[in-house]
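Notes to accompany the following structure.
The values are calculated or read from the model by the stated rules, or taken from the named source; none is laboratory data. These numbers were taken from a predicted model, which means no experiment stands behind them. Don't worry about glycine lacking a Cβ; one is built from the backbone with ideal geometry, like all the others, and counts go over all protein chains shown.
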Amino acid sequence: MERTLTKNTPEHAGEEVLVKGWVNVRRDHGKLIFIDVRDRGGLLQVVFNPQVSPEAHQVATTLKNEDVIEVVGKINTRPEKLINHKIASGTVELEATALTIVAHAAPLPFDTSKETLDAELPTQLDHRAITLRHPSVKAVFKVQATVIDSFREFMKSEDFFEFQAPCITPATAEGGAEVFEIKYFDHKAYLTQSPQLYKQIAMTAFERVFSVNKIFRAEPSVTTRHLTEVVSLDAEMAFINSWTDVRDMAENTVRHILKTVGETCATELAMLNATLPTMIDKTPTFSLAEAQEKIFAYSGKDVRGEKDLNPEDERTLCELVKKETDSDFVFVYGYPTRQKPFYVYPSVENPEVNEGMDLLCRGIEWLSGGRRINDYEQLRKHVELWNMSEDKVRMFLDAFKYGAPPEGGFAFGAERITMQILGLKNVREACMFPRDLSRIDERFAAADEQK
Ligand code: AMO
């Protein structure tokens, strides 16, 4: 008999089917044994009645959560009052006539059968192989896969070309100390902080490029928004008239992602009690100086003249913009030129500030980008001013030496955006296998204790 996925069982009411999956939970009611079987399509209730099949019932008395099983039985329609609206197979149940245990599961370290996982995040991550199976955890990654898919979809619809950037690089693009140095044979190299320089090179060949790439940041502190390994969604576009063209493209990209997640992940959003952020027609845009004035007027906290917004300022700005306009999003541009990477375009009117921008949402930065310097001599000057070695960025400089149009781009982390769409408290929840200061799969502290 061919296998039927649990989500398709309502189409087989009255028929005999074969279902394969894991025991999500077992419930005994008198002589009846109920289990929820879980497969890639969802969950299905199975009932073992000793009067229908004493053999199947006998095997069912030994079932434990996470055992892998194959069940044959008849699909019965449930009475109206017993319909479970939360699952795709909620209108039916399977009355088992045969049961085989395909693989036994060892006793679980904690109960995984409840609707929400009953374990602290570090414990959940210590046991990722098990917690990843939980419907609420799988839902997070379904949303993330949709974010990445819809990013690709939108980029292609706007004629962007997908390219693969290297992860091993001779120089750091973003500056700062947050870089992993690696031993590369007899040379020093780095894990890439960003495909920045490569997307700019590729832009000079293809005009519009995007990549879905791993980036690495040696973040020295443990925060709820930083990982050391991130999936970066990057875009770069040629022939812009102004940095606002980049802003508009970024805004439309995010708008498409939100729309697609809303349309295709309704079950997951409901399961996680998530409400999509509101993006109004024109996302409010402020220069850093204007944003600081607004924060001062709203909260009395005087951050005017600071070189950047700190996390508290970001939260205040988002809060006041939400109150004023109902937008959950706000763009901030015009940062001090020397505070940002060497490639960011200084404003012509006032070169002390640049045409770099950030998109904030619900108190956190989602995305960065802006216009880039496309003049070769100006870029060389910046390389020198930023104390970088021209030799290490020769290939990048060549792209501009041999003709490059006005251009810009943006990037955002798939984990950060997933976290924010779903209102998760910690970015680690939005990463299947997070890496940070204290963990590569195992917690360093726990591993050190065992030494
Ligand atoms: P930036 O360094 O701001 O810009 O990074 C862009 C976006 O990547 C995500 N991100 C992170 N997410 C989780 N943990 C981290 N440690 C982390 N670091 C970055 C955030 C952030 O907004 N080259 C520029 C982009 C550009 O100008 O095109 C850059 O890398 O979502």
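Worth a mention:
- When we screen Ala139, Ala173 for residues that are among the hydrophobic types (A, V, I, L, M, F, W, C), touching a residue at least 24 places away in the same chain (Cβ under 8 Å) and within 16 Å of the ligand (Cβ to nearest atom), the only hit is Ala173.
- Any hit, region 217-233, residues being within 11 Å of the ligand (Cβ to nearest atom), without any contact (Cβ under 8 Å) to a residue 60 or more places away in the chain and touching a Leu at 6+ places or on another chain (Cβ under 8 Å): yes
- Helices (runs of 4 or more DSSP H) contained entirely in region 196-280, each with at least 3 residues that are of a type in the set (Asp, Glu) and outside the structural domain of Leu43 (by TED's automatic domain parsing): 243-264
- Matching option when the condition is within 16 Å of the ligand (Cβ to nearest atom) and either touching a helix residue (DSSP H, G or I) at 6+ places or on another chain (Cβ under 9 Å) or of a type in the set (S, T, N, Q) (or both), among Tyr376, Tyr402, Tyr345: Tyr345
- Residue in region 107-122 that is in contact (Cβ under 8 Å) with a residue 60 or more places away in the chain and assigned to a helix (DSSP H, G or I) present: yes
- Just so you know, in region 159-175 the residues that are surrounded by fewer than 17 Cβ atoms within 10 Å (Cβ to Cβ) and not in a loop (DSSP other than H, G, I, E, B) include one that is nearest to the chain's Cα centre (by Cα), and it is Glu162.
- Considering residues of region 67-106 that are of a type in the set (A, V, I, L, M, F, W, C), touching a residue at least 24 places away in the same chain (Cβ under 8 Å) and out of contact with any Ser or Thr (no Cβ under 9 Å at 6 or more places or on another chain) only, the residue surrounded by the fewest Cβ atoms within 10 Å (Cβ to Cβ): Ala103
- Thr204 meets each of the listed conditions (1) in contact with a helix residue (DSSP H, G or I) (Cβ under 9 Å, 6 or more places away or on another chain); (2) polar (S, T, N, Q); (3) within 12 Å of the ligand (Cβ to nearest atom) apart from (3).
- Residue list for region 8-50, restricted to those being closer than 20 Å to Ile83 by Cβ, assigned to a strand (DSSP E or B) and either in the same structural domain as Lys138 (by TED's automatic domain parsing) or aliphatic (A, V, I, L, M) (or both): Val17, Val19, Val25, Leu32, Ile35, Val37, Leu43, Leu44, Val46, Val47
- Criterion (under 17 Å from the mean Cα position of the chain (by Cα) and not aliphatic (A, V, I, L, M)) met by exactly one of Lys156, Lys214, Lys188: Lys214
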